[in-house]
Amino acid sequence: MIDFDKFAKYSKPGPRYTSYPTAPEFHEGFTHQSYESILATQDKSRKLSLYFHLPFCRSACYFCGCNVVYTSKEDKKERYISYLERELELLSQHLDTSREVIQMHFGGGTPTFFSAPQLKRIIGAIRSHFKNFAKDAEISCEIDPRYLTKEQLDVLICNGFNRVSYGVQDFNDEVQKAIHRIQPYEVTNNVVKMAKSSGIKSINMDLIYGLPYQTFETFQETLRLAVSLDPSRLAVFNYAHVPWMKKSMRKIDETTLPHPSVKLAIMRYTIDYLESNGYKMIGMDHFAKPDDELFLAIEKGELHRNFQGYTTKGGADLIGIGLTSIGEGLKHYVQNFKEMDAYEKAIDAGVLPVHRGLTLNEDDVLRKAVIMEMMSNFKLNIAGIEAQFGIDFFDYFADAVAALAPFEQEELVIVDRVAKKILVNTTGTLLIRNIVMPFDAYLQKIPEDKRRFSKTV
């Protein structure tokens with residue numbers, strides 16, 4: 001049995017490591033000229049991953065950490081589409097759009113808040129510039145089950161979308177009221193059936209633990225209901241409460257949030273329950289069925305992690321398009337403006353709407369490789385890192401390895417100096433953010449009481 005109270009001591013602010021270096025290190029000295037220079041010199045043989053941010057929602061979900069625009073006005077959506085079209089035109093002046101696209105993702109906001117004709121227009125604009133989609137390209141869309149029609153789904157399917165991800169979070173009525181997202185089970189059930197009957201074979205479902213009024217027992221029921229819908233994948237996220245960053249989170253009564261020990265109990269139960277029902281833990285937060293392509297990737301240690309989640313489509317340059325979108329390459333991150341006025345102003349001026357970014361130095365690239373491999377695969381091939389970067393791992397990372405000693409003593413991590421491997425056991429995966437933090441050079445410069453991140457547990 002796991003002593004959850006013991007593990008609660010690891011609850012501390014820390015990054016989620018969707019990137020390294022993390023987003024707080026991005027700066028405005030990285031401009032559209034910086035990005036244009038990078039695009040002009042990118043290896044044209046590298047494949048592309050496209051992310052489109054469709055930011056609109058009708059109302060606020062209090063738990064949401066995404067950059068969204070709340071509106072019910074049709075003209076705002078039409079205006080945004082026109083700016084997306086113009087951004088694509090600008091992008092095509094700097095990026096070789098004939099490169100093969102192996103992945104595309106619509107995120108939000110609520111992408112299906114756009115009507116079927118609007119979605120068709122957006123996809124048409126994309127296809128007019130990016131004409132070289134791989135036959136096995138992963139094309140996915142995030143969907144709020146409350147906003148999906150058969151007509152919208154038909155548009156997506158007719159244009160090659162083969163994955164959908166439904167936001168559920170929790171099926172409990174009290175929890176739904178507290179997070180301002182009323183979504184009855186039947187609503188989710190209906191859209192899952194709709195996707196399956198339309199031929200969508202890969203269906204993901206997002207759940208969140210750590211929400212107000214959640215208990216161990218209520219989340220057990222949420223898991224039971226989720227599994228009853230038979231999704232291909234489940235993403236079970238630890239709620240990131242950051243009210244200093246997201247105003248809507250200030251509407252959540254912090255006294256109603258479950259204790260870290262309860263969250264750990266929920267996560268441990270989630271792993272056991274999902275594995276007993278045919279799912280396997282794939283990377284942090286994610287679970288998939290045995291016939292899912294993620295299985296083979298993790299067995300080979302080839303699972304990858306980016307801002308879109310876990311994927312088998314590694315080795316691609318990520319191009320972010322739309323408000324607040326983030327792009328990534330071998331040695332850079334770039335983010336568009338978060339405010340609509342600034343986004344539009346840049347495009348009106350005929351330049352890419354770059355707000356900030358980062359050019360990675362050699363140390364960044366090395367640490368990124370270490371952190372992302374451990375986050376994705378719960379292990380590290382030290383010999384491979386040494387060969388790739390020409391370093392003595394235990395010399396270069398002496399301080400980080402020393403910081404892993406408490407995890408070794410707790411038997412959460414094995415640092416094998418002979419076989420040159422780091423292995424994280426199943427229990428240790430609950431604390432993977434904590435385990436990789438010693439390798440984060442930027443984090444070490446910030447006193448723990450000054451770290452403005454969500455709690456790791």
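Checked against the criterion of being under 16 Å from L318 (Cβ atoms), in contact (Cβ under 8 Å) with a residue 40 or more places away in the chain and surrounded by 14 or more Cβ atoms within 10 Å (Cβ to Cβ), the range 53-62 contains one or more residues that satisfy it. Criterion applied to E328, E344 was being outside any strand (DSSP E or B), touching a Phe, Trp or Tyr at 6+ places or on another chain (Cβ under 8 Å) and in contact (Cβ under 8 Å) with a residue 24 or more places away in the chain, and the one residue passing it is E344. Screening the candidates R86, R79, R16 for the property of being charged (D, E, K, R), modelled with pLDDT under 95 and in contact with a helix residue (DSSP H, G or I) (Cβ under 9 Å, 6 or more places away or on another chain) yields one hit, R16. Taking L234 as the residue in question, decide whether it is assigned to a loop (DSSP other than H, G, I, E, B) and either crowded, with 20+ Cβ neighbours inside 10 Å or not assigned by TED's automatic domain parsing to the domain that holds G428 (or both). It is false that L234 is assigned to a loop (DSSP other than H, G, I, E, B) and either crowded, with 20+ Cβ neighbours inside 10 Å or not assigned by TED's automatic domain parsing to the domain that holds G428 (or both). Inspect all residues belonging to the range 242-254 and state whether any of them is within 28 Å of N306 (Cβ to Cβ), surrounded by 19 or more Cβ atoms within 10 Å (Cβ to Cβ) and either without any contact (Cβ under 8 Å) to a residue 24 or more places away in the chain or in contact with a strand residue (DSSP E or B) (Cβ under 7 Å, 6 or more places away or on another chain) (or both). Looking for residues that are within 28 Å of N306 (Cβ to Cβ), surrounded by 19 or more Cβ atoms within 10 Å (Cβ to Cβ) and either without any contact (Cβ under 8 Å) to a residue 24 or more places away in the chain or in contact with a strand residue (DSSP E or B) (Cβ under 7 Å, 6 or more places away or on another chain) (or both), one finds none in the range 242-254, hence no.
For the range 130-148, enumerate the residues that are under 21 Å from the mean Cα position of the chain (by Cα) and among the polar types (S, T, N, Q). The one that is under 21 Å from the mean Cα position of the chain (by Cα) and among the polar types (S, T, N, Q): S140. Assessment of the range 247-257 against the conditions (in a helix (DSSP H, G or I), touching a helix residue (DSSP H, G or I) at 6+ places or on another chain (Cβ under 9 Å) and of a type in the set (A, V, I, L, M, F, W, C)) yields no matching residue. The strands (runs of 3 or more DSSP E) falling completely within the range 93-186 that include 2 or more residues that are under 16 Å from I319 (Cα atoms), of a type in the set (V, I, T) and touching a residue at least 24 places away in the same chain (Cβ under 8 Å) map to 101-108. L211 fulfils the conditions (1) under 22 Å from N434 (Cβ atoms); (2) modelled with pLDDT under 95 except for a single criterion, (2). A residue that is surrounded by 13 or more Cβ atoms within 10 Å (Cβ to Cβ) and of a type in the set (D, E, K, R) occurs somewhere in the range 107-122.
The set of residues from the range 150-166 being over 21 Å from the mean Cα position of the chain (by Cα) and not hydrophobic (A, V, I, L, M, F, W, C) comprises K150, E151, Q152, D154, N159, G160.
The set of residues in the range 156-186 being surrounded by 17 or more Cβ atoms within 10 Å (Cβ to Cβ), over 18 Å from F219 (Cα atoms) and of a type in the set (A, V, I, L, M) consists of L156, V164. The set of residues in the range 354-380 that are polar (S, T, N, Q) and buried (at least 19 other Cβ atoms within 10 Å of the Cβ) comprises S376, N377.
If you check D348, D272, D317 for being acidic (D, E) and buried (at least 18 other Cβ atoms within 10 Å of the Cβ), only one passes: D317.
The values are calculated or read from the model by the stated rules, or taken from the named source; none is laboratory data. Since the structure is predicted, the reported quantities are computational estimates derived from the model, not experimental observations. Methodologically, a virtual Cβ is constructed for each residue, glycine included, from the backbone with ideal geometry; neighbour enumeration extends over all protein chains shown.
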